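Here the structure comes first, spelled out in structure tokens, and everything after it is commentary.
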Amino acid sequence: MDNIASLMHGFSVALTMHHVLLMMLGVLLGILVGVLPGLGAPNGVTLLMPLTFSMDPISAIILLTSMYWGALFGGSTTSILFNIPGEPSSVATTFDGHPMAKQGRATEALTYAFLSAGFGALAGVVLITLLSGWVAKFALRFSSPEFFAVYFLAFASFIGLGGASPFKTVISIMLGFAFTAVGMDTVSGNVRLTYGFDELLRGISFLVAVIGLFGIGELLLTMEEGLRFEGVKARVSPRKVFETLLTLPRYWVTLLRSALIGCWMGITPGGPTAASFMSYGLAKRFARRPEGFGQGREEGVIAPETADHAAGSSAILPMLALGIPGSATAAVMMGGLMIWGLTPGPMLFIEQKDFVWGLIASMYLGNVVAVVLVLATVPLFASILRVPFAIIGPLILVICVSGAYTVDSAAFDLWMVLIFGVLGYVFKKLDYPIAPMVLAMVLGDKAEDAFRQSVIMSGGDLSVFWSNSLVSSIMSLGILLLAWPLLTRIFRLLRPGRSTGTTTA
Amino acid sequence: MLMKKALTAATALVAALGISAAEAAWKPTKPVEFVVSSGPGGGTDQFARTVQSIITKYNLLDQPIVVVNKGGGSGAEGFVYGKTAEGEPHKVIFGTNNEWLLPLVAKLAYKPEDLTPVAVMAVDEFLLWVTGDSPYQDAKSFIEAAKAEPGKIKIGGSQSKDTDHILVKQIERAAGIKVIYVPFKSGGEAATQLAGGHVDANTNNPSENIGQWKAGGVRPLCVFAPERMAKGEPVVDGKGWADIPTCKEAGIPIEHYQMPRTVFLPGGVSQDAVDFYVELLKQVREKPEWQEYITRTSQSNRFFVGEDLHTFIKNNEDEGRAVITAEGWLVK
């Protein structure tokens, strides 16, 4: 109960008029950079950073983290409205969020996204409040075999998703692995698959690829379908937000499961992107009615958003305790910590109690402030879709292109985004699933590094993946999930009389 | 008629250029871009951002500074970018000795000579670290254990065929041992993996491991420098950086191994531009914030420009090349 006392102390630090105003300012700025083309969270935080040098560290981190929350919410907004994920972790939100928006249910999609994101974030913060000491120690137990097991688990939970033919899924996933292998390889130090293009040295940026695959690809399809954009029918009223809010408790199973997955992936540390994919995959697999996913199911928005934010906020703790940033934005903030004279690392929790608990308290408050503020913006954003496509289409293109440019400020990425746009279009036309490729791109190189590091450590012995209870249980869970569709079929064969007509698996 | 007009215009232009050159040698006329050859948060990033914040705070430059990260391919992206900006003195590239070591081990689109060296502003030390509860109390017992069981001890480091890997190979040669080198993405990861006991040692820089040292997760055995490090605040249990023996006195015959923090300009820039930045960086070094950065990151405050700089680069490249050639990593 030491932690609760520390948290109360933290609240007394964070809950001043000055700090609450900073939070509101930060969240608003964050939504702005999250939604506006050509900014994005890392750049926004970088721009704001010099202003914070004259502040005391607590005020500074409150301002920056609030901006970070705001930007995350902003990223979900563009995912749903335009099919453009603002952050890698909001890719899974597009799967059902954008179809909902196209059917004129943007208000609902946005409201669900924001509420479940808020719920997930709070779950993550509660976890680190209660277990702060344990989480940092637990993360230290993770080495390359454990990391590989976590990525394997994420793949396993996602496999077989979206009823495409298995061969098409395999092709899609293999292409993803090939794309992620481009650039400098960590383990051998060699340059791979660049074909003499210097610009490919840094690899293919995941964000550029998804902006092309989803944003531009979708745009091409809409154009082909005669510029129809169903968002016009959207019912936009603040009352609808409130009505949607009341229906949220209906999805408590999805909310809880996704929050658990998010927290687990946050502390292990598989990261928010893996969490959102895994949560989406499991939501579909364990849904009572699995049909309709990918065409605008509420759970398809709630599951990834909850897990994304739960992972994002619970990952803050290992990041501070171990000094390893989880994202580009977090890296910029950590650079700030050092300039304010604080060294991220295990001692931060002992030497800078005020700072750490002030930050944790501000995560509670900041997220509440953020949810209230973004909910207020829902009618505004949803009504964007009522603008005729002739106007909104070019605007989406501008967002895609400038968004791709800001990832690395490289003109070459503009070509990449177009190429991936065409690829996304072709995939959709030929009915190839995009999601497996995206998952392979985001986790592929990490999984590869982890696998090769493990094998270097063990001297080539594969039993390293069953060398202790932690790694063997994660691996076994992964294999169980992988075999799940097969298992359910066997069960049905064994009990033929019972299952006919009652369930579909 | 037209010819005449063009001629007068040309002479006027030449005259104008001549005058401005006589008045002030060179100074930036538009925003200056700091190109960081590492991702955000890395050592090179902190270095560049510290320089930027000092220049901004003391108004040492009347043009704004923009920092961009180009850390792809272990930093090669930033150097290739520098090459393509030939003759453009408004782009300053921040890096380490990877500027001249990377092209030795990977086929890249630039050669070390494509950039103009401006200065080395600090050198970062390398240490041999073991886990906090490791049985090895000094470098000698560590080496003996490695000798007893060849290919058993695991040493973690950042990247492959890069500074950490080269150092580990040098240790193997100097001490006559054989170890397993495990490449991770960054020094931060190598630190965490060591604290978690997943590898037996690493060769991190002080700033990468100080957090874990304070917490008891890792412990330094020796430093790869000709003499002990500068005395600072005690870090843990009254022991500080100056109490760490040099690896040479501890029994690993490696005289020195250091990583310089380097500043470059693109190729084909005027000597005046180089002089301008040397002068600017000199002013940066005199500010208390620079001293604070050096102390916080436990680096050595050294400054090489001009002839000294060329000698430094030459020596460092020769040493690196020797290991790289011996390991068969050289690309041609």
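The values are calculated or read from the model by the stated rules, or taken from the named source; none is laboratory data. As the structure is a prediction and not an experimental result, all values here were calculated from the model. Because the Cβ atoms are built from the backbone with ideal geometry, glycine has one as well, and the counts that use them run over all protein chains shown.
Can you tell me which residue in the range A:14-63 is surrounded by the fewest Cβ atoms within 10 Å (Cβ to Cβ), limited to those that are among the hydroxyl-bearing types (Ser, Thr, Tyr) and within 14 Å of chain B (Cβ to nearest Cβ)?
Among those residues, the one meeting the criterion is A:54.
When you scan the range A:366-381, do you find a residue that is away from chain B (no Cβ under 14 Å), more than 30 Å from residue A:214 (Cα to Cα) and surrounded by 19 or more Cβ atoms within 10 Å (Cβ to Cβ), even just one?
Yes, the range A:366-381 contains a residue that is away from chain B (no Cβ under 14 Å), more than 30 Å from residue A:214 (Cα to Cα) and surrounded by 19 or more Cβ atoms within 10 Å (Cβ to Cβ).
Among the residues of the range B:123-136, how many are part of a strand (DSSP E or B) and more than 28 Å from residue B:280 (Cα to Cα)?
Total meeting the criteria: 5.
Confirm whether residue B:148 is surrounded by fewer than 22 Cβ atoms within 10 Å (Cβ to Cβ) and away from chain A (no Cβ under 14 Å).
Here the answer is yes, as residue B:148 does meet what is asked.
Which one is farthest from residue B:255 (Cα to Cα) among residues in the range B:311-328 that are of a type in the set (Val, Ile, Thr) and either surrounded by fewer than 18 Cβ atoms within 10 Å (Cβ to Cβ) or more than 14 Å from chain A (Cβ to nearest Cβ) (or both)?
Only one residue tops the list, namely B:325.
When you look at residue B:154, is it more than 17 Å from the chain's Cα centre (by Cα), farther than 28 Å from residue B:301 by Cβ and within 8 Å of chain A (Cβ to nearest Cβ), yes or no?
Yes; evaluated as a whole, the condition is true for this residue.
Consider only pairs whose beta carbons are under 9 Å apart and that are at least six residues apart or on different chains; among these, list those whose first residue lies in the range B:233-261 and is at positive phi and whose second residue is outside any loop (DSSP other than H, G, I, E, B) and among the small types (Gly, Ala, Ser).
So the pair list comes out as B:251/B:139; B:251/B:175.
Which of the residues that make up the range A:483-505 are at pLDDT 85 or above and buried (at least 16 other Cβ atoms within 10 Å of the Cβ)?
Result: no residue meets the conditions.
Criterion first (modelled with pLDDT of 95 or more, within 16 Å of the chain's Cα centre (by Cα) and either among the acidic types (Asp, Glu) or assigned to a helix (DSSP H, G or I) (or both)) does residue B:313 satisfy it?
It is true that residue B:313 is modelled with pLDDT of 95 or more, within 16 Å of the chain's Cα centre (by Cα) and either among the acidic types (Asp, Glu) or assigned to a helix (DSSP H, G or I) (or both).
Only one of these is over 23 Å from residue A:126 (Cβ atoms), part of a helix (DSSP H, G or I) and in contact (Cβ under 8 Å) with a residue 24 or more places away in the chain: A:301, A:332, A:356. Name it.
A:332
Within the bounds of the range A:237-260, is there any residue that is within 30 Å of residue A:351 (Cβ to Cβ) and surrounded by 21 or more Cβ atoms within 10 Å (Cβ to Cβ)?
no
If I filter the range B:183-192 down to residues being at the interface with chain A (Cβ under 8 Å from one of its Cβ atoms) and either charged (D, E, K, R) or crowded, with 23+ Cβ neighbours inside 10 Å (or both), which single residue comes out as farthest from the chain's Cα centre (by Cα)?
Here the answer is B:192.
Among the polar types (S, T, N, Q) and free of Cβ contacts under 8 Å to residues at least 60 places away in the same chain, is that true of residue B:56?
The answer is yes for residue B:56.
Say whether the condition of being modelled with pLDDT under 90 and not in a helix (DSSP H, G or I) is met by at least one residue in the range A:240-260.
no
Considering only residues of the range B:283-310 that are touching a helix residue (DSSP H, G or I) at 6+ places or on another chain (Cβ under 6 Å) and of a type in the set (A, V, I, L, M), which is surrounded by the fewest Cβ atoms within 10 Å (Cβ to Cβ)?
Selected residue: B:284.
Could you grab me the full set of residues in the range B:45-102 that are within 12 Å of chain A (Cβ to nearest Cβ), in contact with a helix residue (DSSP H, G or I) (Cβ under 7 Å, 6 or more places away or on another chain) and part of a loop (DSSP other than H, G, I, E, B)?
Across the range B:45-102, the qualifying residues are B:70, B:71, B:72.
I need the full set of residues from the range B:105-122 which are more than 11 Å from chain A (Cβ to nearest Cβ) and either within 23 Å of residue B:160 (Cβ to Cβ) or in a helix (DSSP H, G or I) (or both), in order please.
If the condition is that a residue be more than 11 Å from chain A (Cβ to nearest Cβ) and either within 23 Å of residue B:160 (Cβ to Cβ) or in a helix (DSSP H, G or I) (or both), then B:111, B:112, B:113, B:114 are the ones that fit.
Take residue B:289 and decide whether it is assigned by TED's automatic domain parsing to the domain that holds residue B:106, outside any strand (DSSP E or B) and more than 30 Å from residue B:90 (Cβ to Cβ).
Considered against the rule, which asks whether it is assigned by TED's automatic domain parsing to the domain that holds residue B:106, outside any strand (DSSP E or B) and more than 30 Å from residue B:90 (Cβ to Cβ), residue B:289 comes out as no.
All but one of (1) in contact (Cβ under 8 Å) with a residue 24 or more places away in the chain; (2) within 14 Å of another protein chain (Cβ to nearest Cβ); (3) within 29 Å of residue B:54 (Cβ to Cβ); (4) surrounded by fewer than 23 Cβ atoms within 10 Å (Cβ to Cβ) hold for residue A:347, so report the exception by its number.
(1)
Identify, by number, the condition in (1) within 22 Å of the chain's Cα centre (by Cα); (2) within 12 Å of chain A (Cβ to nearest Cβ) that residue B:129 doesn't meet.
(2)
Consider the range B:198-248. How many of its residues are buried (at least 17 other Cβ atoms within 10 Å of the Cβ) and either within 12 Å of chain A (Cβ to nearest Cβ) or closer than 15 Å to residue B:139 by Cα (or both)?
The total comes to 31.
Taking the criterion of being within 23 Å of residue A:31 (Cα to Cα) and small (Gly, Ala, Ser), would at least one residue in the range A:406-424 satisfy it?
Checked the range A:406-424: at least one residue is within 23 Å of residue A:31 (Cα to Cα) and small (Gly, Ala, Ser).
Quick test for you: out of A:66, A:143, A:89, A:116, pick the one residue that is modelled with pLDDT of 85 or more, within 30 Å of residue B:157 (Cβ to Cβ) and buried (at least 24 other Cβ atoms within 10 Å of the Cβ).
A:143
Which one is nearest to residue A:203 (Cα to Cα) among residues in the range A:141-191 that are among the β-branched types (Val, Ile, Thr) and within 14 Å of chain B (Cβ to nearest Cβ)?
A:182
Over 22 Å from the mean Cα position of the chain (by Cα), more than 30 Å from residue A:221 (Cβ to Cβ) and either crowded, with 21+ Cβ neighbours inside 10 Å or not hydrophobic (A, V, I, L, M, F, W, C) (or both), is that true of residue A:409?
No.
Given the options A:454, A:476, A:472, A:467, name the one that is surrounded by fewer than 18 Cβ atoms within 10 Å (Cβ to Cβ) and within 14 Å of chain B (Cβ to nearest Cβ).
Only one candidate passes the filter, namely A:467.
Tally time: how many residues in the range A:337-353 are at pLDDT 75 or above and part of a helix (DSSP H, G or I)?
6
Which ones in the range A:125-140 are of a type in the set (Gly, Ala, Ser) and either surrounded by fewer than 19 Cβ atoms within 10 Å (Cβ to Cβ) or within 14 Å of chain B (Cβ to nearest Cβ) (or both)?
Answer for the range A:125-140, where residues must be of a type in the set (Gly, Ala, Ser) and either surrounded by fewer than 19 Cβ atoms within 10 Å (Cβ to Cβ) or within 14 Å of chain B (Cβ to nearest Cβ) (or both): A:133, A:136, A:139.
Test residue A:319 against the stated conditions and say whether it is within 14 Å of another protein chain (Cβ to nearest Cβ), buried (at least 24 other Cβ atoms within 10 Å of the Cβ), within 29 Å of residue B:297 (Cβ to Cβ) and at pLDDT below 90.
no
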